[in-house]
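Peer 1: Attaching a single structure in structure tokens format; questions to follow.
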Amino acid sequence: MTISTTTLVDDSFKTITTAKGVGSESDQTFIDVSELLNASSEPKVSIANLYYEILGTGNIDVFFENDTTKKVTLSGRGNYGLKPGESKIKETVGDVLLTSDSNVSSYTIILETHKEEGFNGWYNN
């Protein structure tokens, strides 16, 4: 099944996107980085913050298309990115993808990314 995504914010510094879906999804596009506001060649975003509610006993991986080692594995309810030791996941070119295992019955994820490089009019705070 294909995930359902909604872009809530896409400004010159960040994006906020929601995703909803069910289990057994593989390599689903969470954010198409080239479609973001002011994207130029090889745009880079970082995974800055995630709020999530995952029903069932399974896991969801949120990762970059071109570097699957830079990922966040989520289960249950919570937040990633605001606590000490949970830094931005960055330095990768490519879309942000999502994979859910078969033990996930449904989920809602809110993802905040920061625009790091490759955007016209881009700035980094």
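Peer 1: When you look at Lys70, is it open to solvent by 20 Å² or more (accessible area, probe 1.4 Å), modelled with pLDDT under 95 and within 12 Å of the chain's Cα centre (by Cα), yes or no?
Peer 2: yes
Peer 1: Something else now. Mind listing just one residue for me: the one in segment 84-99 that is farther than 17 Å from His114 by Cβ and not hydrophobic (A, V, I, L, M, F, W, C) and, of those, most open to solvent (accessible area, probe 1.4 Å)? Break it down stepwise before answering.
Peer 2: Residues of segment 84-99 that are farther than 17 Å from His114 by Cβ, as a first pass: 84-85, 97-99.
Restricting the remaining residues to those that are not hydrophobic (A, V, I, L, M, F, W, C) gives 84-85, 99.
On the way: Pro84: 130, Gly85: 87, Thr99: 36 Å².
Across segment 84-99, the extreme among qualifying residues is Pro84.
Peer 1: Here is a follow-up. Given Thr113, Thr69, which one is in a strand (DSSP E or B) and free of Cβ contacts under 8 Å to residues at least 12 places away in the same chain?
Peer 2: Answer to the selection: Thr69.
Peer 1: If the Cβ limit is 7 Å and pairs must be 6+ apart or interchain, which residue in segment 40-61 that is more than 11 Å from Glu116 (Cβ to Cβ) pairs with which residue that is among the basic types (Lys, Arg)?
Peer 2: The qualifying pairs are Tyr52/Arg77; Glu53/Arg77; Asp61/Lys71.
Peer 1: Let me ask another. Can you pull out the residues in segment 90-108 that are more than 20 Å from Asp11 (Cβ to Cβ) and hydrophobic (A, V, I, L, M, F, W, C)?
Peer 2: If we filter segment 90-108 for residues that are more than 20 Å from Asp11 (Cβ to Cβ), which is where we start, we get 91-94, 97-108.
Val93, Leu97, Leu98, Val104 - these are the residues of segment 90-108 that are more than 20 Å from Asp11 (Cβ to Cβ) and hydrophobic (A, V, I, L, M, F, W, C).
Residues are listed down the side, and each one gets a yes or a no for (1) touching a Leu at 6+ places or on another chain (Cβ under 6 Å); (2) modelled with pLDDT under 95:
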{"position": "Glu86", "(1), (2)": "no, yes"}
{"position": "Val93", "(1), (2)": "no, yes"}
{"position": "Val96", "(1), (2)": "no, no"}
{"position": "Ser106", "(1), (2)": "yes, no"}
{"position": "Asn124", "(1), (2)": "no, yes"}
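The values are calculated or read from the model by the stated rules, or taken from the named source; none is laboratory data. On a predicted model such as this, the values are computed, not experimentally measured, just so you know. Neighbour counts run over all protein chains shown; Cβ positions are idealised from the backbone, glycine included. Each accessible area value is taken on the protein alone, full model and side chains, heavy atoms only, with ligands, DNA and RNA left out. Shrake-Rupley method; radii C 1.70, N 1.55, O 1.52, S 1.80 Å.
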